[in-house]
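Here's the structure we're looking at; comments come further down.
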Amino acid sequence: MNRPLKRSNAPIFWGLFGAGGMLSALLGPVLVLITGLAVPMGLLFGADAMSYANMLAFAQHWLGKAFLFAIVSLFLWHAGHRIFHSLHDVGIHAGPGAKAVCYGGALLGTVIAALSLLSMGF
Amino acid sequence: MSKRRPYVRPMAGWWRKNPFFIEYMIHEGTALFVAAYALVLLAGLVCLALGEAAWNGWLGAMKHPLVILFHLVTLAMIAYHSWTWFKIMPKTMPPVVIGGKRLSAAMITGGGLAAVALASLLALGLFWGMTR
């Protein structure tokens, strides 16, 4: 008796969901506005605002690197967790396979983001 | 096998019968757009790492009318996520007691939305300053 309780891993995923949800709530709309609408349409900012030189310099700075990594990976963890927990609502069984796809996808994206950012150097 | 055929309540389209659940499904559905936008950014990161030609290819793809349309819809959906995130927040965060009184739901939601406005202005200003 008195076996130690097995710890749940749920708080980790829930924490990543919350962090990503907060970050996307605060910065999601303005980021879409900048990268998806203003810059491609040449509004508000200069035509070469997101030029290769500008963006590479941003991604090579440790702060820019941390920012880009946090945005991409936490957005993915937030979305993966939320989609996983909505599967049951749309009639899809949320079993281990679904969990592997949702969280595995977020993990894969996190690894690709980290490798891309690291390969650009500091 | 048993010949019993117990009644199973049909569940197809259950959420379309109640406005509360329609709203619920839309705000949960914002996650699809958060994921899609994260993948667009991830593709951008990979292109940036691959070099100037790849990066310019990504920038060019962002200008395609369908991609612009996608970002318009995504802007609306992620903005809706921001709104619901802070609307639900009084129920999802632990109670905050200040001076013996519980912080009201309106204060929490209002504070969150004010933070969105502030963060957006800050991001626009920083981006403008860094790229001019």
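The GNM of chain B, with springs linking C-alpha atoms under 10 angstrom apart, assigns the highest mean-square fluctuation among B:LEU121, B:LEU42, B:LEU75 to B:LEU121. Here chain A is assigned +1 on the Cβ of each Lys and Arg and -1 on the Cβ of each Asp and Glu. Its dipole about the Cα centre then comes out at about 580 debye. Over every Cα atom in chain A, the radius of gyration and the widest Cα-Cα span, Dmax, amount to 18.2, 69 Å.
Considering chain B as a Gaussian network with a 10 Å cut-off on Cα pairs, which listed residue, B:MET11, B:MET62, B:MET25, attains the greatest mean-square fluctuation? Fluctuation is largest for B:MET11. The lysines whose alpha-carbon is closer than 27 Å to the alpha-carbon of B:LYS91, local same-chain residues fewer than 8 away aside, are A:LYS99, B:LYS17, B:LYS101.
For the pair A:ARG7 and A:LEU118 in one chain, pulling the backbone fully straight at 0.36 nm per residue adds 36.7 nm over the alpha carbon distance. Counting, for every residue in A:14-24, the Cβ atoms of other protein chains within 10 Å of its Cβ and taking the mean gives 3.
In the range B:11-40, burial by the other protein chains removes 20 Å² or more of 1.4 Å probe accessible surface, compared with the chain on its own, from B:TRP14, B:TYR24, B:MET25, B:GLU28, B:ALA31, B:LEU32, B:VAL34, B:ALA35, B:TYR37, B:ALA38. When the solvent-accessible area of the range B:15-131 is split by element, carbon and sulfur atoms take up 77 percent of it, the probe being 1.4 Å. Comparing B:LYS63, B:LYS91, B:LYS17 in a Gaussian network model of chain B (Cα springs below 10 Å), the most mobile by mean-square fluctuation is B:LYS17.
Which whole-number percent gives the relative contact order of chain B, counting Cα pairs below 8 Å spaced six or more residues apart?
18 percent
Neighbouring Cβ atoms from other chains, within 10 Å of the Cβ of residues in B:57-69, number 2 on average. The string of couplings for the range B:93-105 from the Karplus curve (6.51, -1.76, 1.60, θ = phi - 60°) is 9, x, x, 10, 10, 10, x, x, 10, 6, 4, 6, 4 Hz, one whole number per residue in order, with x for Gly and Pro.
Each residue, A:MET41 and B:ALA43, gets one label point 7 Å from its Cα in the Cβ direction; the gap between the two is 2.0 nm.
Each label point was placed 7 Å from the Cα along the Cα-to-Cβ direction; for A:LEU107 and B:LYS17 their separation is 3.9 nm. Contact residues in the range A:93-122 by the 20 Å² criterion (accessible area, 1.4 Å probe, full protein complex versus chain alone): A:ILE112, A:SER116, A:MET120. In chain A, the longest principal axis of the Cα atoms and the axis of helix A:10-31 are about 20 degrees apart. Measuring nothing but how far apart in sequence close Cα pairs (under 8 Å, 6+ apart) lie, relative to its length, chain A scores a relative contact order of 32 percent.
The order of the peptides B:78-86, B:111-119, B:93-101 by mean Cβ neighbours within 10 Å, most packed first, is B:78-86, B:111-119, B:93-101. Using the 1.4 Å probe convention, the accessible area of chain A works out to 54 Å² per residue with neighbouring protein chains retained. The angle between the Cα long axis of helix A:96-119 and the main principal axis of chain A comes to about 30°, on a 0 to 90 degree scale. Site pair B:TYR24 and A:HIS61 shows an inter-label distance of 4.5 nm when each label is modelled 7 Å from Cα along Cα→Cβ.
The values are calculated or read from the model by the stated rules, or taken from the named source; none is laboratory data. The model shown is predicted, which means the values in this text are computed figures rather than measured ones. Cβ atoms come from the backbone with ideal geometry, glycine included; neighbour counts cover every protein chain shown. Heavy atoms of the whole protein, side chains included, go into the accessibility calculation; ligands, DNA and RNA do not. Shrake-Rupley method; radii C 1.70, N 1.55, O 1.52, S 1.80 Å.
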